Amino acid sequence: MKKVFLYVMIFFTSCSTPIGGAKKVEDIKPQEKPSIETTEAGLWMQMNNYEEKLKTSGSRLKDKNLEKYLKNILCNLTFEYCKDIRVYVQDIPYFNAFMAPNGMMVVWTGLLLRAQNEAQLAAVIGHESGHYIKRHSLKSWLDAKARTDLMVLLSIGIGVGGVPAGGNIFNITQLLQAGFMAKHSRDNEREADKIGLDFLIKSGYDPREAPKIWQNIIKEMELGEVDKPLAFLASHPAPEERIANLKKQTEGYENIKNKKNMKELKGKIQQHLHKWIKNEIRLNNKLEQTEFVLDKTFEGTGDEYLFNFYRGEVYRLKGDIDDNYEKAIDYYNKSIKEKNDFPDVYRELGLLQLKNKENDKAKKNFKKYLEIAKNPKDASIIQSYIN
Amino acid sequence: MSIIKKIFIITFFLILISCQQDDAYILVEPGKVEIKKIYSVSTNRKWSQFQEDEYNFLFWTVDGYTLDRIVFFKPIEDGTSLFDHDSWFTKENKKRPIFNSEMNKFEIKEFLENCIIWSNEFTSFETTNIENYKIGDVEGISFDIKAQNELGLNYKGFSVAGIKDNKLYSVYFIATEMEFYDRYKIEAKKIISSIRIL
């Protein structure tokens, strides 16, 4: 009986066609939708269900302006596919972006924090668009189907289709990655890189920014725990090879002064910066790794006082070991030198000085905090430390 | 053994299992209540109390955990975290926030906030309005909570915490912003303000 069932299943799966009978997977055309009887339509349906849940999910960043900004970048890169791809931001502090076969692109806040300018962000958006245009998810699916046995395939199908309504988004995203991202072949990645770079150049962005974002991520990974690569790298093979390829492709553009648009990107994420950095620090990664992320986040922004304040926060939160508190105090003082009316730094400095039994210095900084912050909600606590 | 006999035995066991009392939930009657010889509190209404020895906390609820609850944490010591049950954490377990009895009031709030975020229960969890607060004779803090879960449901609440004999005691109330927060906030405030550490 079981054998009969298996043969029936094999027969049905072998009968389904990827995109309506075509043997070769062609690029998806603008505004094209798969025919209902195809495997691709099934993938779309599952991703449409997921997208509906993502729209109201608590993990979706509720910032319409930011999503609109990302959408504009996409439309500048590829006007033809502008209507087909929807961009969402998920508030997850890791470097990642992924593209579902139905045109749902998801960018995580950890990536937005790490992108140093619009050109770098556009490189990733262009790359992900390349996956959509080349139908890489479908190709990966068919490839997996050809290589794995039926039961494994069925379990993948059930897994992707069975996204639970109240489930944990991290698991869902891992599932998506497992199903679509991790299976992209090196050829698919190269192809998406090439498309992304072509879009970048055509839209007037500096193409030399494309390899930079990957270089930074590799450096960050090396400073951290190399046995646990970042999500994006785990599913994208050979980053060194990618950088070499991208650099080679950009060689002819060395004398072109294309746009980077750093201010535009930084301006759009400004209101979230404090929260994202706090979440980055909460990851409790190695000191060097977190410092590198901060270094790259603030490079060229001119916000030295914030840079030093957050560096101080990183050391304070690591606790009283290896002179961490002394280093934190140094960074807080540097922050004050850069800008002397940022209230938070006086409070944190005072609290650490209190721990170091430097009561007079602490009181002075608490008073300064109360003076600058003007009736802060925590005034009663600070006042109790002064008294 | 005949089929009827088998059916009878299976049915008997099913009835036996269904009759078994669920020890995880007990009814809390109005009045003064002692919680695990850790806290004493007063309540004017009935609550369902959930307790499992493996968890570092127990909670009271009227309509269910996801709608409203008052969570009472067992005291934690230096070098430990708020949630010790490993299933709450992923492979990054070693990176969870660690309590230190030298923490100042701001760090206590920060620690509690980090622990809740670490538990992954909410997609966003923010604390505001930190103030001095006394739990009986123990110097501590109170602060407000705003949170959102994966389904996009908004929550509001408040918390109190304090350190006694180098151990952190903490309690929080949280409920859905829609409907349940307003329904129970006054009673929850009364309960939390009646807490004494035993």
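The values are calculated or read from the model by the stated rules, or taken from the named source; none is laboratory data. Remember, predicted model here, so these are calculated numbers, not experimental data. So basically every Cβ, Gly included, is an ideal-geometry build from the backbone, and we count neighbours across all protein chains shown.
Annotations for the structure displayed:
- Checked against the criterion of being crowded, with 17+ Cβ neighbours inside 10 Å and modelled with pLDDT under 95, segment A:299-313 has at least one qualifying residue.
- Applying the criterion of being at the interface with chain A (Cβ under 7 Å from one of its Cβ atoms) and surrounded by 20 or more Cβ atoms within 10 Å (Cβ to Cβ) to the residues of segment B:127-150, the residue that is farthest from B:M178 (Cα to Cα) is B:I130.
- Condition check for A:E348 on (1) more than 11 Å from chain B (Cβ to nearest Cβ); (2) closer than 27 Å to B:K95 by Cβ; (3) acidic (D, E): one failure, at (1).
- Residue within segment B:121-137 that is among the acidic types (D, E) and in contact with a helix residue (DSSP H, G or I) (Cβ under 6 Å, 6 or more places away or on another chain) present: yes
- Test: residue in segment A:357-374 that is free of Cβ contacts under 8 Å to residues at least 60 places away in the same chain, closer than 19 Å to B:N104 by Cβ, within 14 Å of another protein chain (Cβ to nearest Cβ) and within 34 Å of the chain's Cα centre (by Cα): yes
- Any pair with Cβ under 7 angstrom, 6 or more apart, that starts in segment B:172-195 at a residue that is crowded, with 16+ Cβ neighbours inside 10 Å and ends at one that is aliphatic (A, V, I, L, M) and not in a strand (DSSP E or B): B:F173/B:A188; B:F173/B:I192; B:A175/B:L67; B:T176/B:L67; B:T176/B:L153; B:F180/B:L67; B:Y184/B:V62
- Here B:S119, B:S124 are screened, and the one residue that is of a type in the set (G, A, S), within 8 Å of another protein chain (Cβ to nearest Cβ), within 20 Å of B:F173 (Cβ to Cβ) and surrounded by fewer than 21 Cβ atoms within 10 Å (Cβ to Cβ) is B:S124.
- Filter result (closer than 25 Å to B:E77 by Cα and either within 13 Å of another protein chain (Cβ to nearest Cβ) or of a type in the set (G, A, S) (or both)) within segment B:158-178: B:S159, B:A161, B:G162, B:S170
- Scanning segment A:276-295 for residues that are among the aliphatic types (A, V, I, L, M) and away from every other protein chain (no Cβ under 12 Å) yields a total of 4.
- Residue match in segment A:345-356 (condition: over 33 Å from the mean Cα position of the chain (by Cα), free of Cβ contacts under 8 Å to residues at least 12 places away in the same chain and surrounded by fewer than 17 Cβ atoms within 10 Å (Cβ to Cβ)): no
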